[in-house]
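A short write-up of the structure that comes next.
The values are calculated or read from the model by the stated rules, or taken from the named source; none is laboratory data. Given the structure is predicted, the values throughout are model-derived calculations rather than measurements. Here the Cβ positions follow ideal geometry from the backbone for every residue, glycine too, while neighbour counts run over all protein chains shown. Please note that ligands, DNA and RNA were not included when accessible areas were found on the heavy atoms of the full protein model with its side chains. Shrake-Rupley method; radii C 1.70, N 1.55, O 1.52, S 1.80 Å.
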Amino acid sequence: MKFLPRVLGLGLLSLLVLLLAMSCETTKPATNEFGSPNRIKGEAIAAPESRQIVHFTDSSTEYITPRNELARAFIRQFGDGTVIDKIQVRKAPGDVGAAVSYYLIGMGLRNGAFRAMALPLSSGGDNTFYLRPNAERYTISGTGCPMCFFNFENGRIVGTTCGEKVGGSNCDLKVDKNNSLFAAIR
């Protein structure tokens, strides 16, 4: 008989703790998988924003997004163990009088093999350039080639070249329709 009140007391205590825990959870605002509040029906979904990368002056290049942050973003974008150790913004060769194109380029190695990724930048006016989330992604993977280069035609990447032609060496180019360089880390 002494056993029944003890079990009943533990059961009531467990029920009370469970109810308290559930009541705390109901005061928390609902969130979606990205941690932001749920949308209200009819609310417009904002497109991912472009990211300001660089601003050119008459005498210098000012990286608005720090190079170390860009390197980490490239490493996440590769997602295969590629280590990026060089970041640059380069003007693409093009025809005289044509619109100028710039590319954000990250270069590094994966298991000793050369890797690089180039993303076209969009002009925001006033010599400031942005990376759009839907910008193409050009990725080079070198096999037996110590350094690969992007080939350009009219300001666009059209292929690759191996820096030192050695038997069996090549540079493969892969083009993807978008990038997630600055996507939220989950």
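Remarks
- From the options D172, D126, residue that is closer than 23 Å to T57 by Cβ and of a type in the set (D, E, K, R): D126
- Residue, farthest from the chain's Cα centre (by Cα), within the range 142-186, restricted to residues that are basic (K, R) and surrounded by fewer than 14 Cβ atoms within 10 Å (Cβ to Cβ): K165
- The strands (runs of 3 or more DSSP E) found entirely in the range 53-114 that carry 2 or more residues being crowded, with 19+ Cβ neighbours inside 10 Å and within 21 Å of the chain's Cα centre (by Cα) are 83-91, 102-110.
- Inspection of the range 8-22 identifies no residue that is assigned to a helix (DSSP H, G or I), modelled with pLDDT of 60 or more and open to solvent by 80 Å² or more (accessible area, probe 1.4 Å).
- Elements of type strands (runs of 3 or more DSSP E) contained in the range 116-186, each with 2 or more residues being among the aromatic types (F, W, Y) and over 22 Å from A73 (Cβ atoms): 148-153
- Any hit, the range 93-109, residues being free of Cβ contacts under 8 Å to residues at least 40 places away in the same chain, closer than 23 Å to F182 by Cα and not aliphatic (A, V, I, L, M): yes
- Yes/no for Y130 being in contact (Cβ under 8 Å) with a residue 12 or more places away in the chain and either more than 19 Å from R51 (Cβ to Cβ) or open to solvent by less than 20 Å² (accessible area, probe 1.4 Å) (or both): no
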